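Engineer: Would you mind keeping the following structure in view while I ask a few things?
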Amino acid sequence: MKNLKYLALIGLLIFGAAESSAQLKIRFATNVRYIAGGYIDQRPLFNTLEAALNDVLPYATVNNPYVFWVDSDTLQIADWDSVFTESGLTMKDSIDIYYVAEGKIKWAGFGFGGTGGTGSTPIPSQTETTTHYSYPNWDKSNSALALWLRNLAQAIDSVDQHIWDLIVYTDSAYLYIDNDTLKFRTSMLSSFGARPDTTLIVYKAGTQTITGDKSLTGDIEIGTGGSLRIAAANNAIGTSRILWSNSSNLYWSHSGAAGDTGMVAMLNPTTGIFRNSNVAGYGSITQEVYDSIKYWIKAPHISLGDDGGVTPNVTAGGTYVKITPGWTEEEKYRVTQAGDSLTVSAGAGGDYYMILNFVLGNAAADDFTLQVRKNNVAVHTTRFTGQGASEYATITTQHYFDDLVPGDDISLWITNTVDADDPVMTYMNWYFQRAHE
């Protein structure tokens, strides 16, 4: 009898356990997680969003979605508005973007959203293309897209509209836009009538024949006799210039006495011989080549003379003074002089040589040193002595300058190394010439 009592007790315990398990299955729905402050994180009840998310991560898919049921105001859920990712998203927004938007989790429950916040990043609705320019939009089925792609999906339409608004011609009687192409309404093409813009030229395919007299009143004008000219109003010399002509006019010219005339060299394509006509022929080409070579090979130079001479005021002790004759320019080309020095002109750089000679009238006791200076630095020095009363010495010196450049200054300096007697220099000649570039 006692054993029967124990058996009955064991049966009741087993029945009670089975009944409890059945009640749990009925009480909690499949794939639902309940979230509220105060739960102890035991499935299906969780205290935080993170705990509930970690519980369903291995199982939540588009084909097996879960429901997050909010059992209390979101103020009681500790991590509802907390920021935990490097992107700066709140926990709620992160679930919205990476799980709700992908169809893996759905929200439900008590006062959903609550006063704790509904998240700061709305999920834009999906579209395939933008309004005007067909930019691709985000694909909701792609779970690997980053946040900036979602933001682009929300903002790209406004960018698209802004671009559209900035277009000068959206639609008019003459112009319209087809996709990204500005087109002209062919119905507006006519031989007569108004033009949409005097600077707009519209071409049709194929050969076109223009009949009647046509004239252009802008920068280019069509002259009588079949010529194309730059209008007089747009020419610095005040007369028209011929650009092309089918008559006996030059192919290019300044017409009028105030302008120059140019010619275009023409070759016979069969014989290879210059055409001898109103355009540049053999004779004129030959002369142009000759003049060009002559200009190129003519060496920059200067020739100076001063018969009256100069007497530089020297002092004892070997102090140099600049020699400043009253030079007369006998010949010069791309070299200038300013009384006391020579200067190489622009485009005339290279190696130069010089020859200087003069007559010296001084006592036999006077010894002199003469310097040739480049930019006030001595590059050549020579010495000579007076011959005595009524005696004269003829002094000659020369120097080679290596690689002078435009702007280099060449000058002459002298000193008496014995006493303060001034050198008497007469019949002076100075020649300076470029040897080569």
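Engineer: What's the local net charge at residue 51, with K and R +1, D and E -1, over the other residues with C-beta under 11 Å away?
Structural biologist: So the surrounding residues net to -2.
Engineer: Residue by residue through the range 396-408, which ³J(HN,Hα) values in whole Hz follow from phi under the Karplus form 6.51 cos²θ - 1.76 cosθ + 1.60 (θ = phi - 60°), with glycine and proline marked x?
Structural biologist: Couplings: 9, 9, 9, 8, 10, 9, 9, 6, 6, 10, x, x, 4 Hz.
Engineer: Need the full-extension length gain, residue 186 to residue 164, defined as separation in residues times 0.36 nm minus the C-alpha distance. One decimal, nm.
Structural biologist: Residue separation times 0.36 nm, minus the Cα-Cα distance, leaves 5.6 nm.
Engineer: For the pair residue 157 and residue 27, what calculated FRET efficiency results from E = 1/(1 + (r/R0)^6), where r is the Cβ-Cβ distance and R0 = 56 Å, to the nearest 0.05?
Structural biologist: Here the calculated transfer efficiency is 0.75.
Engineer: Could I ask something else about it? How compact and how long is the range 301-436, expressed as Rg and Dmax of its alpha-carbon atoms in Å?
Structural biologist: 14.9, 48
Engineer: According to a simple spin-label model (label point 7 Å from Cα along Cα-to-Cβ), what is the distance in nm between residue 400 and residue 345?
Structural biologist: If labels sit at residue 345 and residue 400, their model points lie 2.6 nm apart.
Engineer: Using the Kirkwood radius over C-alpha pairs as Rh, can you work out the diffusion coefficient of the range 34-90 via Stokes-Einstein at 10 °C, viscosity 1.306 mPa s, in µm² per second?
Structural biologist: This corresponds to a translational diffusion coefficient of 132 µm²/s.
Engineer: Taking R0 as 25 Å, what FRET efficiency do you get between residue 437 and residue 324 from their Cβ-Cβ distance, rounded to the nearest 0.05?
Structural biologist: 0.25
Engineer: Can you give the net charge of the other residues whose Cβ lies under 11 Å from the Cβ of residue 365, counting K and R as +1 and D and E as -1?
Structural biologist: -4
Engineer: Report the net charge of residues surrounding residue 33, where surrounding means a beta-carbon distance below 9 angstrom and charges are Lys +1, Arg +1, Asp -1, Glu -1.
Structural biologist: Residues close to residue 33 contribute a combined charge of 0.
Engineer: Please give the FRET efficiency for residue 338 paired with residue 420, using the beta carbon to beta carbon distance and R0 = 25 Å, rounded to the nearest 0.05.
Structural biologist: 0.35
Engineer: Just need the Rg to Rh number for the range 308-371, please, alpha carbons only, Kirkwood Rh.
Structural biologist: 1.02
Engineer: Quick one: Karplus J couplings for the range 59-76, per residue in order, coefficients 6.51, -1.76, 1.60, θ = phi - 60°, nearest Hz, x for Gly and Pro?
Structural biologist: Each residue of the range 59-76 in turn: 10, 6, 9, 4, 8, 9, x, 10, 10, 9, 9, 8, 8, 8, 4, 5, 4, 8 Hz.
Just so you know, all these numbers are worked out from the coordinates, no wet-lab data involved. Keep in mind that what you see is a predicted model, and the values were worked out from it rather than measured. When we count neighbours, we look across all protein chains shown, and the Cβ atoms used for this are built from the backbone with ideal geometry, even at glycine.
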